[in-house]
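In what follows, a structure is listed as structure tokens, so that the remarks can point back to it.
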């Protein structure tokens, strides 16, 4: 992404921020005042939504291993993901936040705008080795609030045998993608598949086409956005993608691809273990095709952020050390190898490629990726809803791309 484009997206995100009452202090410490002494043993608290095992136990062990370095222990609480944001917002209102808070990156704006989180730049955390794209994920109004040890994004997976049999090279541009999808479509399979279900999974899968074409989530009726929707949905309307994708999650798209009912798909690295377990499947991946050769693919960046809520100076100092420790190169690589994610440290990401070559396209995509809410900020929920409606209405034949995007923009502007 060019510097000019980054500045434009950042400006749009700032413009989207909705004013609410700011908190002057949170949790037990009263907003950065006096608290525990440096040599006092502390018990800190941490919230996340890793309720499943072994993730919950593994994270608790990591938190306490890091805490031991600063004479602290951690009470680790995991809340189910469907209840998480509500409980965090309640904690903000009651000024009873934990010392360490994990945040799903699209949710950062709504938490940071309350004033409940301490900017990490005030806590002397070294971020010099991070991808700029990853740092952008943890920013709100140009201030860094969260660090993601590992991230993910979306790429184009393809069936190597099917493409080789058809004499087709992996597509890199929209024209090549459409041509390949057409050539690979047979009575027994579709050339391409993606998640089109209403909600974040479907919207997220479309966003790379919007952004790579120069579009914005806040200007959905602009030519760049309409053109992206027209191309994306056109693949289904022309018969190269089943119109059933309006009901498909990313897991459903993976199942179609793994079963040989689609030759290519857009999906994320979390599907790699399942693909590797599929007998007889030969697959590879490349970055998502772009409008023109030489363009950067701008895909959304996924991953959880670790943040430090406002408490008191000493609790924040130790919490910051733990956040920095969770982001250590060793932990990043271990997590990446276990979970098929990309380390946020550029050098560690290159180590990952050496150990897992199949992650190369994901690493390449991360370098130019952008936060999912990067140009929508706190308007993301309505943007997400309206893009979903537009996608579904065009694929099902209820509206043309121009009309669908004009309706979507009207709803976004009304908020």
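The values are calculated or read from the model by the stated rules, or taken from the named source; none is laboratory data. Note that the coordinates shown come from a computational prediction; the quantities given were computed from them, not determined experimentally. Neighbour counts run over all protein chains shown; Cβ positions are idealised from the backbone, glycine included.
Of everything in the range 142-183 that's loosely packed, with under 15 Cβ neighbours inside 10 Å, part of a loop (DSSP other than H, G, I, E, B) and not assigned by TED's automatic domain parsing to the domain that holds residue 359, which residue is nearest to the chain's Cα centre (by Cα)?
Selected residue: 169.
Which of the following residues is in contact (Cβ under 8 Å) with a residue 24 or more places away in the chain, closer than 14 Å to residue 375 by Cα, within 21 Å of the chain's Cα centre (by Cα) and crowded, with 20+ Cβ neighbours inside 10 Å: 220, 229? Steps first, please.
Numbers: 229 fails: closer than 14 Å to residue 375 by Cα.
Exactly one residue qualifies, and that residue is 220.
Among the listed residues 357, 371, 329, 273, which satisfies the condition of being on the phi < 0 side of the Ramachandran plot and buried (at least 21 other Cβ atoms within 10 Å of the Cβ)? Quick ask: steps written out before the conclusion?
Values: 357 fails: buried (at least 21 other Cβ atoms within 10 Å of the Cβ); 329 fails: buried (at least 21 other Cβ atoms within 10 Å of the Cβ); 273 fails: buried (at least 21 other Cβ atoms within 10 Å of the Cβ).
Testing whether each residue is on the phi < 0 side of the Ramachandran plot and buried (at least 21 other Cβ atoms within 10 Å of the Cβ) leaves just 371.
Determine, yes or no, whether residue 211 is touching a strand residue (DSSP E or B) at 6+ places or on another chain (Cβ under 9 Å), in the same structural domain as residue 159 (by TED's automatic domain parsing) and over 18 Å from residue 249 (Cα atoms). So that I can check it myself, show each step before the final result.
Working: touching a strand residue (DSSP E or B) at 6+ places or on another chain (Cβ under 9 Å): yes; in the same structural domain as residue 159 (by TED's automatic domain parsing): yes; over 18 Å from residue 249 (Cα atoms): yes.
When the stated conditions are applied, residue 211 passes them.
Name the one entry in 337, 352 that is in a helix (DSSP H, G or I) and out of contact with any strand residue (DSSP E or B) (no Cβ under 7 Å at 6 or more places or on another chain). Let's see the steps before the verdict.
Numbers: 352 fails: out of contact with any strand residue (DSSP E or B) (no Cβ under 7 Å at 6 or more places or on another chain).
The unique qualifying residue is 337.
Just checking, which of 305, 301 is farther than 24 Å from residue 170 by Cβ and either in contact with a strand residue (DSSP E or B) (Cβ under 9 Å, 6 or more places away or on another chain) or not in a helix (DSSP H, G or I) (or both)? I'd like the intermediate steps shown before the answer.
Working: 301 fails: farther than 24 Å from residue 170 by Cβ.
Criteria check complete, one pass: 305.
Restricting to the range 67-84, and then to whatever is in contact with a helix residue (DSSP H, G or I) (Cβ under 6 Å, 6 or more places away or on another chain) and not in a loop (DSSP other than H, G, I, E, B), can you tell me which residue is surrounded by the most Cβ atoms within 10 Å (Cβ to Cβ)?
Of the range 67-84, the ones in contact with a helix residue (DSSP H, G or I) (Cβ under 6 Å, 6 or more places away or on another chain) are 67, 70, 72-74, 76, 78-79.
With not in a loop (DSSP other than H, G, I, E, B) added as a condition, the list becomes 67, 72-74, 76, 78.
Details: 67: 24, 72: 23, 73: 13, 74: 26, 76: 22, 78: 19.
If we take residues in the range 67-84 being in contact with a helix residue (DSSP H, G or I) (Cβ under 6 Å, 6 or more places away or on another chain) and not in a loop (DSSP other than H, G, I, E, B), then 74 is surrounded by the most Cβ atoms within 10 Å (Cβ to Cβ).
Determine whether residue 137 is touching a helix residue (DSSP H, G or I) at 6+ places or on another chain (Cβ under 6 Å), under 30 Å from residue 370 (Cα atoms) and surrounded by fewer than 18 Cβ atoms within 10 Å (Cβ to Cβ). Outline the logic, then answer.
Values: touching a helix residue (DSSP H, G or I) at 6+ places or on another chain (Cβ under 6 Å): yes; under 30 Å from residue 370 (Cα atoms): yes; surrounded by fewer than 18 Cβ atoms within 10 Å (Cβ to Cβ): no.
Considered against the rule, which asks whether it is touching a helix residue (DSSP H, G or I) at 6+ places or on another chain (Cβ under 6 Å), under 30 Å from residue 370 (Cα atoms) and surrounded by fewer than 18 Cβ atoms within 10 Å (Cβ to Cβ), residue 137 comes out as no.
Take residues that are more than 28 Å from residue 151 (Cβ to Cβ) and assigned by TED's automatic domain parsing to the domain that holds residue 208 and tell me which of the helices (runs of 4 or more DSSP H) falling wholly in the range 220-290 contain 1 or more.
Details: elements: 223-237, 250-258, 272-277.
Qualifying helices (runs of 4 or more DSSP H): 223-237.
Residues that are over 16 Å from residue 157 (Cβ atoms), assigned by TED's automatic domain parsing to the domain that holds residue 382 and surrounded by 24 or more Cβ atoms within 10 Å (Cβ to Cβ): does the range 187-198 have at least one? Quick ask: steps written out before the conclusion?
First, the residues of the range 187-198 that are over 16 Å from residue 157 (Cβ atoms): 187-188, 196-198.
In the following step, the residues that additionally are assigned by TED's automatic domain parsing to the domain that holds residue 382 were identified as 187-188, 196-198.
Now restrict to residues that are surrounded by 24 or more Cβ atoms within 10 Å (Cβ to Cβ): 196.
Yes - at least one qualifying residue is present in the range 187-198.
Kindly indicate whether residue 341 is farther than 24 Å from residue 232 by Cα, at pLDDT below 95, assigned by TED's automatic domain parsing to the domain that holds residue 91 and surrounded by fewer than 24 Cβ atoms within 10 Å (Cβ to Cβ).
no
One residue is enough: does the range 115-128 have a residue meeting the conditions within 30 Å of residue 173 (Cβ to Cβ) and assigned to a loop (DSSP other than H, G, I, E, B)?
First pass over the range 115-128, keeping only residues within 30 Å of residue 173 (Cβ to Cβ): none.
No: the range 115-128 contains no residue that is within 30 Å of residue 173 (Cβ to Cβ) and assigned to a loop (DSSP other than H, G, I, E, B).
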